[in-house]
Number of protein chains: 2
Amino acid sequence: MTIRAVVFDAYGTLYDVQSVAGVIEAAFPGHGDYITQVWRLKQLEYSWLRSLMDRYEDFLAVTRDSLNYTLGTLGLAADAALFGRIVEAYNTVSPYPDAAAALEALKPNHRLAILSNGSPAMLDALVRNSGLDRYLDAVISVDARKAYKPDRRAYEPVEHRLGCRPEEVAFVSSNGFDIAGARSFGFKVIRIERVTPAALRADLTGGAPIGPGTLSRALRTQSERLGFDPHAVVNALSALPEAVGRLDSAAQA
Amino acid sequence: MTIRAVVFDAYGTLYDVQSVAGVIEAAFPGHGDYITQVWRLKQLEYSWLRSLMDRYEDFLAVTRDSLNYTLGTLGLAADAALFGRIVEAYNTVSPYPDAAAALEALKPNHRLAILSNGSPAMLDALVRNSGLDRYLDAVISVDARKAYKPDRRAYEPVEHRLGCRPEEVAFVSSNGFDIAGARSFGFKVIRIERVTPAALRADLTGGAPIGPGTLSRALRTQSERLGFDPHAVVNALSALPEAVGRLDSAAQA
């Protein structure tokens, strides 16, 4: 059995969602970090709650609702044009600097795809704006199944779209809920560890106030205790070709 | 159609989960607020993720796993005795001061119950330790259905246990995810608003650093944008008899 496809989470894994903070800070000076963090935390929460209630709305709706919630906590409002511009920022988030080179190195021997919570229109804009579309064989949205990660329905389209079985897929994510969901589903999973335990601990115990950015990292960047651990952990996308190679050798052994 | 039963969420609604902070601060001086908030946020997150993955473990396991995660972010460890004492604090959280009087006032005309994520053993200890057991006709755990709120399976046992249809139940919660889930399920829903928008806004914009407690309130205490709003909102349990009376009159009109 070999690894035939490498499938990537988008937001937070190939793309840095923190890059929306600039647009937000410009719109609401002094609130960029708070809005960015609460928006992202509520966006994920709403995706989970809607899946649990079986009340799916697409990720654009979830992204708008969570931004509305966040601005409401501050008593702020944005007119339609500004609100639209902030939501649009999700379609132009920056790829991590090593994303293109990692995809290029993997491409000769693997099918490459994104599997994301994003709506088809959001993902289409995202991969075109960033130029990563040239490396990808498929851009798969959970929208076809009307359920968000880590609901197992969200992972099912990969098999059909790429023509490989779950154990032939190396799934790459930096998001704990996604790592657990993908492992529980049956993929081989590689975790990108962007914040080491030591770095987080230094932030939490260094004596500075624990603000929204630090608390968000504390909630979202560490190994989860859910019993579905990744097969491999790397600290950057640039380490993927080697990690996929190791998984491949192990699978063939 | 009348309101025949009043069913309460436990943690955060009848009981103040923030009351564990004292035990934690005594165990880990300087970290009481941070651990209390991250523990509670991850506890809920793990309950949602496990339901989504269909990998149920009971709420005691989820409570232990989320505490382990939280201590891990600080590089802290607790020996088994201390760890057990902190987890046990969930079984002795304080009822809100107006809980007993509200239950007593409602009892003559309604069946009264708790419906909670807590495991049967946790809930049994909780209601006995607090003395609220004397008012309750049933203490119902989601454990029977192996799914956490707001999964609709979590709300199903009420009908059977209390012998009333969903529209005959006034469901009371301060938790946004639970309010949406109960409304989506078909209950009449009363929201307890413990932090007003104005109070939160003052905390967020008063110039003081936004710490874990404030961020947690920003994430968990405001009206959600999920499209499943409560039928009534009150600011304390003491206002429930009147609010239930109004729902009852409306139902009979």
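Could you check, for region B:237-250, whether at least one of its residues is more than 27 Å from residue B:112 (Cβ to Cβ) and small (Gly, Ala, Ser)?
Looking through region B:237-250, none of the residues is more than 27 Å from residue B:112 (Cβ to Cβ) and small (Gly, Ala, Ser).
Go through B:130, B:216 for me and flag whichever is farther than 26 Å from residue B:246 by Cα and touching a strand residue (DSSP E or B) at 6+ places or on another chain (Cβ under 7 Å).
Every option except B:130 fails the conditions.
Hey, any hits in region B:206-218 for a residue that's over 21 Å from residue B:36 (Cα atoms) and either of a type in the set (Gly, Ala, Ser) or within 9 Å of chain A (Cβ to nearest Cβ) (or both)?
Within region B:206-218, one or more residues are over 21 Å from residue B:36 (Cα atoms) and either of a type in the set (Gly, Ala, Ser) or within 9 Å of chain A (Cβ to nearest Cβ) (or both).
May I ask you to list the residues in region A:79-95 that are touching a strand residue (DSSP E or B) at 6+ places or on another chain (Cβ under 6 Å) and surrounded by 18 or more Cβ atoms within 10 Å (Cβ to Cβ)?
A:93, A:95
Report every pair of residues separated by at least 6 positions or lying on different chains whose Cβ atoms are under 9 Å apart, first residue within region B:183-197 and on the phi > 0 side of the Ramachandran plot, second buried (at least 22 other Cβ atoms within 10 Å of the Cβ).
So the pair list comes out as B:186/B:155; B:186/B:169.
Name the helices (runs of 4 or more DSSP H) wholly within region A:1-107 that hold at least 3 residues that are in contact (Cβ under 8 Å) with a residue 40 or more places away in the chain, farther than 29 Å from residue B:199 by Cβ and in the same structural domain as residue A:149 (by TED's automatic domain parsing)?
Once the helices (runs of 4 or more DSSP H) in region A:1-107 are filtered for at least 3 residues that are in contact (Cβ under 8 Å) with a residue 40 or more places away in the chain, farther than 29 Å from residue B:199 by Cβ and in the same structural domain as residue A:149 (by TED's automatic domain parsing), what remains is A:99-106.
Just to verify a result, which residue in region A:19-31, among those that are within 20 Å of residue A:96 (Cα to Cα) and out of contact with any strand residue (DSSP E or B) (no Cβ under 7 Å at 6 or more places or on another chain), is surrounded by the fewest Cβ atoms within 10 Å (Cβ to Cβ)?
Checking each candidate, the answer is A:22.
State yes or no: is residue A:66 touching an Asp or Glu at 6+ places or on another chain (Cβ under 6 Å) and either hydroxyl-bearing (Ser, Thr, Tyr) or at the interface with chain B (Cβ under 8 Å from one of its Cβ atoms) (or both)?
So residue A:66 fails the test.
Inspect all residues belonging to region A:239-252 and state whether any of them is closer than 24 Å to residue A:41 by Cα and modelled with pLDDT of 95 or more.
No, because not a single residue in region A:239-252 is closer than 24 Å to residue A:41 by Cα and modelled with pLDDT of 95 or more.
Somewhere in region A:156-167, is a residue touching a Ser or Thr at 6+ places or on another chain (Cβ under 6 Å), modelled with pLDDT of 95 or more and of a type in the set (A, V, I, L, M, F, W, C)?
No, every residue in region A:156-167 fails to be touching a Ser or Thr at 6+ places or on another chain (Cβ under 6 Å), modelled with pLDDT of 95 or more and of a type in the set (A, V, I, L, M, F, W, C).
What number of residues within region B:1-45 are under 16 Å from the mean Cα position of the chain (by Cα) and on the phi > 0 side of the Ramachandran plot?
Residues meeting the conditions: 1.
Any idea which residue in region A:219-253 is surrounded by the fewest Cβ atoms within 10 Å (Cβ to Cβ), counting only those that are within 14 Å of chain B (Cβ to nearest Cβ) and assigned to a helix (DSSP H, G or I)?
Once the filter is applied, the top-ranked residue is A:220.
The values are calculated or read from the model by the stated rules, or taken from the named source; none is laboratory data. Note that the structure is predicted; figures quoted are calculated from it, not measured. Backbone-built Cβ (ideal geometry, glycine too); neighbour counts: all protein chains shown.
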